[in-house]
Amino acid sequence: MESLVTADAGTATLEDSFEGTLTDKLREQFEAGLLSGQQLRPDFTIEQPLHRYTASDHAVWARLYERQAGMLRGRVCDEFLQGLAALGMASDRVPDFERLNETLMRATGWQVVAVPGLVPDEVFFDHLANRRFPASWWMRKPEQLDYLQEPDCFHDVFGHVPLLINPVFADYMQAYGKGGLKAASMGALDMLARLYWYTVEFGLIRTGQGLRIYGAGILSSQGESIYSLDSASPNRIGFDVRRIMRTRYRIDTFQKTYFVIDSFDQLFDATRPDFTPLYAALSTQPTLGAGDIEPGDRVIHTGSREGWADSDDI
Ligand SMILES: [Fe+2]
């Protein structure tokens with residue numbers, strides 16, 4: 001595969017790899033996830049260090065899994081629960097990625113690959129474009145059960161992997177990766193990142209039984225799993241690619257707005273066209289605040305705005 005890292009095969013160093021690609025904070029976090037003596041491959045992946053998980057790591061996984069799997073019934077979309085069941089994901093210990101991959105590869109040709117932490121955008125897109133989902137190998141600490149900013153193994157694996165068994169969502173994720181490589185070359189990453197944020201991470205889907213969660217950022221969080229569906233505070237607005245690409249978001253609080261798709265087919269179809277003219281058209285329009293409601297929005301619920309942070313949205 002292609003890689004940004006130009007060091008000799010298999011001998012990339014962090015210095016080579018990070019030159020100008022990640023912020024100091026992300027680099028620090030990435031380095032913390034790379035164990036001493038461990039080989040970082042040119043595509044930023046590592047062997048999942050199964051022997052390094054502690055009893056506490058497994059206990060944190062089991063606690064989070066039990067809590068989320070229980071509370072998500074009736075809240076998460078059926079496709080997620082079907083994926084979770086089909087994968088036979090371990091509930092009592094951190095899953096072995098290789099075992100997940102046996103099922104995942106057979107189903108949709110996707111695989112989970114271990115990384116020390118967040119990887120540079122182009123590396124991430126390249127993995128997705130080749131049906132590889134980079135997952136942090138490490139687990140959050142017991143005192144971080146409810147919140148941590150960086151994606152850990154629970155968020156990445158429990159949150160993202162079950163839907164990769166759904167053929168339409170699997171195709172959407174690959175298309176996103178291909179689109180990302182292109183957007184990066186066109187200076188349009190902000191717009192595309194908003195699409196990922198409001199779908200893959202914080203998306204809701206309309207079903208015959210009411211709204212359901214499919215975004216990994218919601219469903220790996222107990223608080224937001226309740227808030228996103230039950231709270232009167234956030235807006236819930238029908239999915240619209242152009243609208244989403246202009247909308248800023250929160251990384252430090254629950255979202256002010258959730259966008260609702262009608263189906264995964266709608267999501268995939270909306271992202272099928274070449275975004276080049278869209279990027280050009282949107283680049284001349286102002287961005288929107290995370291909680292704004294615009295004329296033309298298909299508003300499902302107007303948020304009460306209760307508890308919304310005053311600070312600027314990203
Ligand atoms: Fe995520």
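Structure values in brief
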{"item": "Test result for residue 186, under 30 Å from residue 57 (Cβ atoms), away from the ligand (no atom under 14 Å from the Cβ) and surrounded by fewer than 23 Cβ atoms within 10 Å (Cβ to Cβ)", "result": "no"}
{"item": "Hits in segment 161-176 - residues which are within 14 Å of the ligand (Cβ to nearest atom) and not aromatic (Phe, Trp, Tyr)", "result": "161, 162, 163, 164, 173"}
{"item": "Residue 200 of a type in the set (Val, Ile, Thr), more than 23 Å from residue 300 (Cα to Cα), within 13 Å of the ligand (Cβ to nearest atom) and at pLDDT 95 or above", "result": "no"}
{"item": "Verdict on residue 158 being in contact with a strand residue (DSSP E or B) (Cβ under 9 Å, 6 or more places away or on another chain) and either within 12 Å of the ligand (Cβ to nearest atom) or among the aromatic types (Phe, Trp, Tyr) (or both)", "result": "no"}
{"item": "Residue within segment 136-153 that is under 15 Å from the mean Cα position of the chain (by Cα), of a type in the set (A, V, I, L, M, F, W, C), buried (at least 20 other Cβ atoms within 10 Å of the Cβ) and in a helix (DSSP H, G or I) present", "result": "yes"}
{"item": "Qualifying residue in segment 109-118 (condition: over 30 Å from residue 211 (Cβ atoms) and within 13 Å of the ligand (Cβ to nearest atom))", "result": "yes"}
{"item": "Among (1) part of a loop (DSSP other than H, G, I, E, B); (2) at pLDDT below 95; (3) more than 18 Å from residue 248 (Cβ to Cβ), the one test that residue 304 misses", "result": "(2)"}
{"item": "Condition check for residue 119: touching a helix residue (DSSP H, G or I) at 6+ places or on another chain (Cβ under 8 Å), under 17 Å from residue 203 (Cβ atoms) and in contact (Cβ under 8 Å) with a residue 60 or more places away in the chain", "result": "no"}
{"item": "Every residue from segment 219-240 that is crowded, with 21+ Cβ neighbours inside 10 Å and of a type in the set (A, V, I, L, M, F, W, C)", "result": "219, 237, 239"}
{"item": "Hits in segment 134-149 - residues which are within 13 Å of the ligand (Cβ to nearest atom) and closer than 16 Å to residue 60 by Cα", "result": "136, 148"}
{"item": "Check on residue 171, among the acidic types (Asp, Glu) and touching a Ser or Thr at 6+ places or on another chain (Cβ under 7 Å)", "result": "no"}
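The values are calculated or read from the model by the stated rules, or taken from the named source; none is laboratory data. On a predicted model such as this, the values are computed, not experimentally measured, just so you know. Positions of Cβ are generated from backbone atoms using ideal geometry, with glycine treated the same way; all protein chains shown enter the neighbour counts.
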